[in-house]
Every structure is written in C-alpha cells, then in structure tokens.
Amino acid sequence: MKHLSFPAFGLLLSTMLTIGCTANRFYTPNTMQLPVLQESGQGSIRGGLSIDGDNTGWEGQAIYSPVRHLGIMASHFGVRYSGTNYNAFFSPFPVNEEFSYTGSSHLTEGGLGGYYGVGPEKEYLLSLFTGFGQGATQNRYTTHPEPQIEEVYNSEWRYQRWFIQPAMTMQYKRLQVGTGLRFAWVSYFDGDINSRVGFQETERIELLETGSPLFLTEMAWSIGWRIRPLVLSLNSTAVVRGKNSLRDLNLASNYVSLTVGLNLHELKRK
Amino acid sequence: MKKLRILLPLFGVLLLAAACNRDADFNYYYYEPEDYALISQYLNLPDRPDNYQSELPKHLSAMGLATRPVDQDKAILGRVLFYDKHLSKDGTVSCASCHRQELAFADDKQVSTGVFNRAGDRNSIALGSVLSFSAYYGTDLFGSSGIPFFWDNRANTASDQNISSMTNPKEMDMTHADIVTAVQTQPYYEPLFRMAFGNGQITSERVSEAIAEFVNAIGSFNSKFDHEAEKSLGYNVYSNLEFNSFSGFTDAENRGKLIYLNNCASCHSPTQGRPPKIKANNGLDAATVDVGVGGITNSSYDMAMFKVPLLRNIALTAPYMHDGRFATLEEVVEHYSSGVQAHQNLSPELLVNGTPRNLNLSAQEKSDLIAFLHTLTDEQLKTDQRYSDPFK
C-alpha cells in the first residue's frame, strides 16, 4: 500500500468525480456502507451529499458493533432530480412537446452482519452484511402543450430492497479505502402511474413492474481521509448491469457522494 | 455459540424480507375517473390507449422515411370525430362512411355518396393505401416535397383536406359554425378536447387539427410484402430488391413482383413507400374527361393528371381509379396490358416511341401480377382497434 502516492490518489479522485451519473427516474443506488469495525463498542455515523448536475442526493448512515465480530447498520437515503427534454423521440410525450420532470426517491434500510479483521493491526477488515429496506419514488412530469397551459402527470411507486454485501476495507495511517459488492433484489409495488406520461416512459415502468424483483449487482469504492475522529470520504456506488433488459430501464449507473463520518469510539478516547 | 448468535439474526432478516416481499401490481390510468365515466357512457375508449405512433419497417426507414410524431390525445379525439355522424348536415355521414376500416378506409362505391345521398365526383381514396401518410404527406412538414392530398392534389395538409371534406356540400355539407355547434352539443367532447388541447374550448381549427392527427396516425405496415421486404432486404433496399425473390412468397407472387418492379414501380414505388411520382397520367382516356391536377394548377401539362396512389391494401379498395371505373384488379391489369390510351399528357413510363406502351401480358403474367398485388394487403389494419369505430 506504500506505493499509493498522493498524485495517484488525486487521479483516482478526479476520475471518480467525472464518472458521476445522470438524473434518473427509476432507481439510484445509495452509497454503500463499507464497515470499518474492529471490536465491540465501535461505531460511526456519517452524512453525505451528492451534487451532480440535476441530481441532489443526501444520506445519513450509522454502523455499530454491539458484540465483537457482529455489526448492525442503518441508513436513510434521499435523492431529488430534475431535467427537461426537448427531443421528441426520447421524450415521454409523443409530440415535440418540451417537458420537464422532477422526481424524488428515498430509501430507509437496516442491516446486520459480521466482520473479521486480519493483518498485524487488523488493518484489513473483511465483512459480510445483509439488510432490508423500503422506499418510494415519485416522478412528476410537466408539459406545456400551449404556452399558457400546464399539464402535470405523476408516476409513483414504492419499493423494497434486500441485499447481501461482502466488503473489504483497509486503514493505513490517515488513509481509509474500501471496496465491496452489493447484491440487491429490488421489488416494486403499489405503483400508481398516469400513463399520460407517454409510451416510452410507461413501457419502461411496465418493464420495472414485470421485471420485479430486479436483481442488481452493485460495486462500491471508497477513499477516505482520517482526521480523527472524522473521516472524509469520496464514495462511488455503481450498478453493474447484469441483464440486457435492464438497460432499457435507464437505471442510474453510478452514484458518487462525499461523506463526513464521525467515529464515535475515537471521540470517546479523546 | 457466538457464531450462532451472529447467524440467527441474519437468518431472521432473511425470513423477514422474504415474508415482506410484495408482488408488483401497478395501477395505470390515462383518464381522470370522472372523465372516463362520462366518456364511457358514449364511447368504447380503452382505459389505456394503444400507441398511435407507428414505426416504419426497415425497408421504409432505410429510405429516409420517418413518421411524424403523433399527439396521442389529439389522435384519440380525432378518432372520435372521424366516426361521429353529428358532424354532417343530416346526421347520417361521418368520415368513416366513405372511408371504411374494413376496406382499408376506402368505400366500395364508384363515386362516394355524401349527405342527403348526394353523389360525389370521385372515388374515395383508401386512407389505408396512402398511408404512411405521416411519412411523406403534407407540405406543412415536408415543404414542396410533401405529397398533397386528393386525387387532384388540391389540399396541402391533412387539416386543409378534412375541412374541405366537412364543408363539401357533396360530402358533409357543414359550415365552420355548424361544426362547432355539432361538437359542443355532445357531452363527451369536453374532456377529450381538454385532454388534447389543455382546455375544453371547441373551435373548427381544433376539430380539424385533431382529425388530421388521427388521419396522419393511420399506419399499415403489416402486409405480407412488408414482412418479406423487411426480412430479406434489411437496410440494403436498392441492391437486392430487383433480383432477390422473397422466400415467403409463392412462385406466382415472386414472378408478379418482378413484373411489378419492371413496369409499375417507377410510378407506384418499389417498396410501397413514397411514390416516385406525385402525379401522372396512366392513359385512362385519350381525351380529358376530368381535368384532375390541371383544374388546380391550370397548366395544360397537368390536364387529366392524377395523384399516383400507393397500392397498399389495393385488393380491399375496389373500385379503382379516380372515377372508380374498374371494378376489379383484373380490369386494372387489363388496362395496363392492352388499354393504355394516347392522352397528350400520358406519362413517359407508359410510352414507347411516342405511342402507348401496352404490356401485352399473358394470362399467366396477369394472374401473377394480381397475386403480387394481393400481398400488399394488411389484414391487421381491418380490425386494428386504434382506428376502429369507438361509438357504443
């Protein structure tokens, strides 16, 4: 790990920022929590933001180890997005109508799992967590068929997500890096869709409905700076699309966030 | 023991998640419930309308043809207006009276009859033949290269066209004010206009715009010919069409296709896409009987020239020609085989050395050509519910 120089680190940082992803109306992965726990009583909370073009995401996360090798986690995630579209062929509205959309999605989850430290100072941490959460998505589409006339249509649904995530993190001096996979099953339910949002959009939503539960493989990276008791991290969570049909769903492929964490045990020691 | 403590709750979450798992069952709606209740008293409109946006098969899109974007709400409103007899002076005629779906939107009369049984001047044009209207009709979208409407090309846009049908004394015989009153008195129009135009205000322009949207949305690309052409040509329309036989065609149909490509396609289009010529004289009469395009342009070169119709669904649209003079395809083929007349404006495709070019087809060739013309029929169009009569 000594080879990871700071210029290289900077490069990594900037590439991660530039591949941040676009507004999405169906599903956005939240930042994966990569556990950094070594013994019981340790825990941290963190808050994060993601601002990327038309997306604004925020989240709060907490993790705690009540018993050695066992951890529990909780998180809440919210994202808002908006945009306009002018192109008839990608527009949900059939004519050359300009439309704008705004939407939001939120997800609250809890999880639990085990962790195991290896290395002389247990600086490598392997973990396996599983969890379950529930959320909702609301999309609102606005169009002006004539300048003074405004029409608004909604599509909304709720969803549940169940996940299993193996992860690995490493601490080295002030650096904290981690990576993990998240296998997620996303089930949609309680949809209420005004099909006046257009065929393209409705067809995608139907795909979501018929494809439910969607199985997604997600991959996360995180690079953090430790300024005891804080950890400043840049995180990226990407959906690695498995099935071809998912491509039509226009799922957000990548979510990049900046988080500030507070290690509670480090606070106590001070 | 400790491991068990970890595993057990894990297991619990798993079970919980499985138990909570809920089936996706989305509710889709298009109309507001009270609107739908009102509309449904009079009309059979599906709760979730079908898509009116046609997609062209590859052999047409590869030629650069594209359909015009369809406004769903206007097309639905247009469909209702198209079938509504209230839009005629005596309440007996709608657009659909002369443009019947089961006949590819033509009628089976030599000349169409309008209100009070008045006879029209010409044979109804099959809207299911002209189609892909939206791909190349209308000067509003395609400028001077857009194909105008009617046998004599007298209307530039679908909207001009339908206003002229509604106000034509021999068709529906309405004034603009009559149209507005007729529409206003029907309760189902308020929600439909509101959805199409953002408010329920009814004007004759809006009526016309909606009907135009519907007419432009009619698309028929499901003939045997289309399926075979798309399958065997892919994007390579020009290099293969003439020489390749279609694997799904019978021998007679393939032979007929060659006769067609060699003798008819230069006017009527090899792909049943945009006709290469907008107007022509095909030698029906030696002297001018109906001036046709000449009546609009006043040019002596346009006398007795008529729109070159597309031959899609041609087997459904008898009788044939602008005056419906031929009752069957056999008569049409006989015309091109032996009856081409030396009109002064006879188009060059039908001339050899200044005299009419009769094809002199054998009996076998005639029946092959007719077999080919039958492959142009789109059976789905006859019952496609997007275009069907919505009235209860």
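If you go through segment A:65-87, how many residues are within 14 Å of another protein chain (Cβ to nearest Cβ) and either among the aliphatic types (A, V, I, L, M) or part of a strand (DSSP E or B) (or both)? Steps first, please.
Here is the first cut: in segment A:65-87, the ones within 14 Å of another protein chain (Cβ to nearest Cβ) are A:65-74, A:85-87.
Applying the additional criterion that residues be either among the aliphatic types (A, V, I, L, M) or part of a strand (DSSP E or B) (or both) yields A:65-67, A:70-74, A:85.
Summing the residues that are within 14 Å of another protein chain (Cβ to nearest Cβ) and either among the aliphatic types (A, V, I, L, M) or part of a strand (DSSP E or B) (or both) in segment A:65-87 gives 9.
Filtering segment B:366-385 down to residues that are among the charged types (D, E, K, R) and surrounded by fewer than 18 Cβ atoms within 10 Å (Cβ to Cβ), which residue is farthest from B:Ile218 (Cα to Cα)?
Of all residues in segment B:366-385, those among the charged types (D, E, K, R) come to B:366, B:368, B:378-379, B:382, B:384.
Those left that are additionally surrounded by fewer than 18 Cβ atoms within 10 Å (Cβ to Cβ): B:379, B:384.
Numbers: B:Glu379: 14, B:Asp384: 10 Å.
In this case the residue turns out to be B:Glu379.
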Please work out which one of (1) among the hydrophobic types (A, V, I, L, M, F, W, C); (2) under 28 Å from B:Phe105 (Cα atoms); (3) touching a residue at least 12 places away in the same chain (Cβ under 8 Å) is the condition B:Phe326 fails and give its number.
(3)
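Say whether the condition of being surrounded by fewer than 20 Cβ atoms within 10 Å (Cβ to Cβ) and either without any contact (Cβ under 8 Å) to a residue 24 or more places away in the chain or small (Gly, Ala, Ser) (or both) is met by at least one residue in segment B:211-218.
To start, the set of residues in segment B:211-218 that are surrounded by fewer than 20 Cβ atoms within 10 Å (Cβ to Cβ) comprises none.
No, there is no match, as no residue in segment B:211-218 is surrounded by fewer than 20 Cβ atoms within 10 Å (Cβ to Cβ) and either without any contact (Cβ under 8 Å) to a residue 24 or more places away in the chain or small (Gly, Ala, Ser) (or both).
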Please specify each residue of segment B:178-189 satisfying the condition of being farther than 22 Å from B:Leu45 by Cα and in contact with a helix residue (DSSP H, G or I) (Cβ under 8 Å, 6 or more places away or on another chain).
B:Ile179, B:Val180
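Keeping to segment B:95-119, report how many residues are on the phi < 0 side of the Ramachandran plot and over 17 Å from the mean Cα position of the chain (by Cα). Talk me through it step by step, then tell me what you get.
The initial filter retains those residues of segment B:95-119 that are on the phi < 0 side of the Ramachandran plot, namely B:95-103, B:106-115, B:118-119.
Add one more test, that the residue is over 17 Å from the mean Cα position of the chain (by Cα), and what stays is B:109-115, B:118-119.
Number satisfying all stated conditions: 9.
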Checked segment A:115-146 for anything without any contact (Cβ under 8 Å) to a residue 60 or more places away in the chain and within 10 Å of chain B (Cβ to nearest Cβ); matches are A:Leu128, A:Thr130, A:Gly131, A:Phe132, A:Gly133, A:Gln134, A:Thr143, A:His144, A:Pro145, A:Glu146
Restricted to segment A:23-51, and to residues that are surrounded by fewer than 18 Cβ atoms within 10 Å (Cβ to Cβ) and not in a loop (DSSP other than H, G, I, E, B), which residue is nearest to the chain's Cα centre (by Cα)?
A:Leu49
Any chance B:Asn168 is closer than 24 Å to B:Arg122 by Cα, more than 14 Å from chain A (Cβ to nearest Cβ) and in contact with a Gly (Cβ under 8 Å, 6 or more places away or on another chain):
yes
Can you name the helices (runs of 4 or more DSSP H) wholly within segment B:299-392 that have at least 3 residues being at pLDDT below 95 and out of contact with any Lys or Arg (no Cβ under 8 Å at 6 or more places or on another chain)?
B:379-383
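Given the options B:Ser97, B:Ser88, B:Ser144, name the one that is farther than 23 Å from B:Leu311 by Cβ, surrounded by fewer than 21 Cβ atoms within 10 Å (Cβ to Cβ), of a type in the set (Gly, Ala, Ser) and at pLDDT 90 or above.
Exactly one residue qualifies, and that residue is B:Ser97.
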Those residues of segment A:71-94 which are at pLDDT below 75, surrounded by fewer than 21 Cβ atoms within 10 Å (Cβ to Cβ) and hydrophobic (A, V, I, L, M, F, W, C), in sequence order
A:Ala88, A:Phe89, A:Phe90
Taking segment B:65-85, which residues are outside any helix (DSSP H, G or I), in contact with a Pro (Cβ under 7 Å, 6 or more places away or on another chain) and either at pLDDT below 90 or surrounded by 24 or more Cβ atoms within 10 Å (Cβ to Cβ) (or both)?
B:Pro69, B:Val70, B:Asp71
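Give me the residue from segment A:175-190 that is touching a Lys or Arg at 6+ places or on another chain (Cβ under 8 Å) and of a type outside the set (A, V, I, L, M) and, out of that set, farthest from the other protein chains (Cβ to nearest Cβ).
So the first thing to find is which residues in segment A:175-190 are touching a Lys or Arg at 6+ places or on another chain (Cβ under 8 Å), and the list is A:175-176, A:184-190.
Okay, now just the ones that are also of a type outside the set (A, V, I, L, M), so A:176, A:185, A:187-190.
Details: A:Gln176: 24, A:Trp185: 8, A:Ser187: 6, A:Tyr188: 5, A:Phe189: 4, A:Asp190: 8 Å.
Ranking the candidates gives A:Gln176 first.
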What number of residues within segment B:147-159 satisfy the criterion of being crowded, with 19+ Cβ neighbours inside 10 Å and either within 14 Å of another protein chain (Cβ to nearest Cβ) or touching a residue at least 24 places away in the same chain (Cβ under 8 Å) (or both)?
9
Quick one: what pairs do we get from segment B:32-50, first residue within 14 Å of chain A (Cβ to nearest Cβ), second outside any loop (DSSP other than H, G, I, E, B) and of a type in the set (S, T, N, Q), C-beta under 6 Å, 6+ apart or different chains?
B:Arg48/A:Ser195
Can you name the residue in segment A:221-232 that is surrounded by fewer than 22 Cβ atoms within 10 Å (Cβ to Cβ) and either assigned to a strand (DSSP E or B) or free of Cβ contacts under 8 Å to residues at least 24 places away in the same chain (or both) and is also nearest to the other protein chains (Cβ to nearest Cβ) among such residues?
A:Trp221
Is it true that A:Gln165 is touching a Cys at 6+ places or on another chain (Cβ under 8 Å) and either in a strand (DSSP E or B) or among the small types (Gly, Ala, Ser) (or both)?
no
Those residues of segment A:202-216 which are within 11 Å of chain B (Cβ to nearest Cβ) and either small (Gly, Ala, Ser) or crowded, with 21+ Cβ neighbours inside 10 Å (or both), in sequence order:
A:Thr202, A:Ile205, A:Leu208, A:Gly211, A:Ser212, A:Leu214
Which ones in segment B:100-119 are surrounded by 19 or more Cβ atoms within 10 Å (Cβ to Cβ) and assigned to a loop (DSSP other than H, G, I, E, B)?
B:Ala104, B:Phe105, B:Asp107, B:Gln110, B:Ser112, B:Gly114
Regarding A:Thr143, is this residue touching a strand residue (DSSP E or B) at 6+ places or on another chain (Cβ under 7 Å) and modelled with pLDDT under 90?
yes
If we scan segment B:167-179, do we find a residue that is modelled with pLDDT under 75, surrounded by fewer than 24 Cβ atoms within 10 Å (Cβ to Cβ), β-branched (Val, Ile, Thr) and out of contact with any Leu (no Cβ under 9 Å at 6 or more places or on another chain)?
no
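The values are calculated or read from the model by the stated rules, or taken from the named source; none is laboratory data. Predicted model only: the values in this text are computed from it and were never measured. Neighbour counts are summed over all protein chains in view; Cβ atoms, including those assigned to glycine, are modelled from backbone coordinates with ideal geometry.
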